[in-house]
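S.K.: Provided herewith is a single structure, encoded as structure tokens, for subsequent inquiry.
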């Protein structure tokens, strides 16, 4: 029997309106399920994305209302659902974690990943973003058995650090999840290049939901949610508007590629 899974990387234009964002997420999950997807992913900051200086919502517990609402959607459709990231409350702390949550088709939480690499930049001609002002870095490398495959979890800026993905592939990851809100300038230059590189060097599928468009006066995302094959081929691209990138992940093909080009077993360092 062929081992195939249909994956949908969702693309959103999230804003400061949490209810509108959650409703759009539900709409896109419904659409992905209707198109046969059994792995569905939302982007980084799917429920809330703002310009600098706008008020922020209350940080969430991992069993809080946002997660519960999305878990109900996953259970309704029987899909494995990646919540790209949300602001996770740290008890007794001012800062939060930027956290991905993976939900199984029964609505139960399978894993969580707290973003390790924080986006602190100072590029001339664009907004100055310093994620570490409000976010504490995570420390755990997370690979989770989702039943149909082993998923390695990461978030956005992590994609610039190949050593993380080596750790994920060493842990058995077959799919690398990279939910993101890449800025327009860096996305235009590096987004596809980095995702294809992570796919090729790890002979892994890359599954990258994305934010797109204008989120506020000083915040704009590149878009182009992608699904990339272990050979580095772009299988699906959501373009520059809200929607989805949907493609089949063929794990028999991946096994063949890893056998024919056994680079993962040739590592010396």
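S.K.: Given (1) more than 15 Å from the chain's Cα centre (by Cα); (2) at pLDDT 95 or above; (3) on the phi < 0 side of the Ramachandran plot, identify the lone condition not met by residue 219.
M.R.: That leaves (2) as the condition not met.
S.K.: I've got another one for you. If I filter the range 184-192 for residues that are within 24 Å of residue 151 (Cα to Cα), crowded, with 18+ Cβ neighbours inside 10 Å and touching a helix residue (DSSP H, G or I) at 6+ places or on another chain (Cβ under 8 Å), do I get at least one hit?
M.R.: Within the range 184-192, none of the residues are within 24 Å of residue 151 (Cα to Cα), crowded, with 18+ Cβ neighbours inside 10 Å and touching a helix residue (DSSP H, G or I) at 6+ places or on another chain (Cβ under 8 Å).
S.K.: With respect to residue 177, is the statement that it is within 20 Å of residue 237 (Cα to Cα) and modelled with pLDDT of 95 or more true?
M.R.: Details: within 20 Å of residue 237 (Cα to Cα): yes; modelled with pLDDT of 95 or more: yes.
Yes: the conditions hold for residue 177.
S.K.: So which of 12, 70 is within 16 Å of the chain's Cα centre (by Cα), closer than 30 Å to residue 253 by Cβ and modelled with pLDDT of 95 or more?
M.R.: Numbers: 70 fails: closer than 30 Å to residue 253 by Cβ.
Matching residue, one of 12, 70: 12.
S.K.: Is the range 118-127 home to any residue that is crowded, with 17+ Cβ neighbours inside 10 Å and either without any contact (Cβ under 8 Å) to a residue 60 or more places away in the chain or within 21 Å of residue 267 (Cα to Cα) (or both)?
M.R.: Among the residues of the range 118-127, at least one is crowded, with 17+ Cβ neighbours inside 10 Å and either without any contact (Cβ under 8 Å) to a residue 60 or more places away in the chain or within 21 Å of residue 267 (Cα to Cα) (or both), which makes the answer yes.
S.K.: Mind checking which residues of the range 183-206 are outside any helix (DSSP H, G or I) and within 24 Å of residue 259 (Cβ to Cβ)? Full working, then the answer.
M.R.: Just the residues of the range 183-206 that are outside any helix (DSSP H, G or I), to begin with: 183, 203-206.
If the condition is that a residue be outside any helix (DSSP H, G or I) and within 24 Å of residue 259 (Cβ to Cβ), then 203, 204, 205, 206 are the ones that fit.
S.K.: In addition: I'm trying to understand the selection: among the residues of the range 215-257, which are in a loop (DSSP other than H, G, I, E, B), crowded, with 18+ Cβ neighbours inside 10 Å and in contact with a helix residue (DSSP H, G or I) (Cβ under 9 Å, 6 or more places away or on another chain)? Spell out the reasoning first.
M.R.: Step one: filter the range 215-257 for residues in a loop (DSSP other than H, G, I, E, B), giving 217-218, 223-225, 229-233, 238-242.
Filter once more, so that each one left must be crowded, with 18+ Cβ neighbours inside 10 Å: 223-225, 229-230, 238, 242.
Matches in the range 215-257: 223, 224, 229, 230, 242.
S.K.: Same structure again: If residue 97 satisfies all but one of (1) touching a strand residue (DSSP E or B) at 6+ places or on another chain (Cβ under 6 Å); (2) more than 21 Å from residue 133 (Cβ to Cβ); (3) in contact (Cβ under 8 Å) with a residue 40 or more places away in the chain, what's the number of the condition it fails?
M.R.: Failing condition for residue 97: (2).
S.K.: Right, something else. Can you find a residue in the range 123-134 that is out of contact with any strand residue (DSSP E or B) (no Cβ under 7 Å at 6 or more places or on another chain), more than 16 Å from residue 61 (Cα to Cα) and modelled with pLDDT of 95 or more?
M.R.: No, every residue in the range 123-134 fails to be out of contact with any strand residue (DSSP E or B) (no Cβ under 7 Å at 6 or more places or on another chain), more than 16 Å from residue 61 (Cα to Cα) and modelled with pLDDT of 95 or more.
S.K.: Pairs needed: first member in the range 25-47, without any contact (Cβ under 8 Å) to a residue 24 or more places away in the chain; second member anywhere, assigned to a helix (DSSP H, G or I); C-beta distance under 9 Å; at least 6 residues apart or different chains.
M.R.: Pairs found: 34/77.
S.K.: A further question on this structure: I'm checking my understanding of the structure. Among residues of the range 145-168 that are part of a helix (DSSP H, G or I) and touching a strand residue (DSSP E or B) at 6+ places or on another chain (Cβ under 7 Å), which one is nearest to residue 117 (Cα to Cα)?
M.R.: For the range 145-168, the residue satisfying everything is 156.
S.K.: Still on this model: Name the single residue, out of those in the range 3-40 being assigned to a loop (DSSP other than H, G, I, E, B) and touching a helix residue (DSSP H, G or I) at 6+ places or on another chain (Cβ under 6 Å), that is farthest from residue 225 (Cα to Cα).
M.R.: 3
S.K.: Is there a residue in the range 207-214 that is buried (at least 24 other Cβ atoms within 10 Å of the Cβ), modelled with pLDDT of 95 or more and not in a strand (DSSP E or B)? Can you show your working first?
M.R.: Of the range 207-214, the ones buried (at least 24 other Cβ atoms within 10 Å of the Cβ) are 207-212.
This time we only want the ones that are modelled with pLDDT of 95 or more, so: 207-212.
Restricting the remaining residues to those that are not in a strand (DSSP E or B) gives 209.
Yes, the range 207-214 has at least one match.
S.K.: I'd like the full set of residues that are touching a helix residue (DSSP H, G or I) at 6+ places or on another chain (Cβ under 8 Å) and either closer than 18 Å to residue 203 by Cβ or surrounded by fewer than 20 Cβ atoms within 10 Å (Cβ to Cβ) (or both), limited to the range 154-169.
M.R.: 154, 159, 160, 162, 164, 165, 166, 168, 169
The values are calculated or read from the model by the stated rules, or taken from the named source; none is laboratory data. Quick caveat: nothing in here was measured; it's all calculated off a predicted structure. Neighbour counts are summed over all protein chains in view; Cβ atoms, including those assigned to glycine, are modelled from backbone coordinates with ideal geometry.
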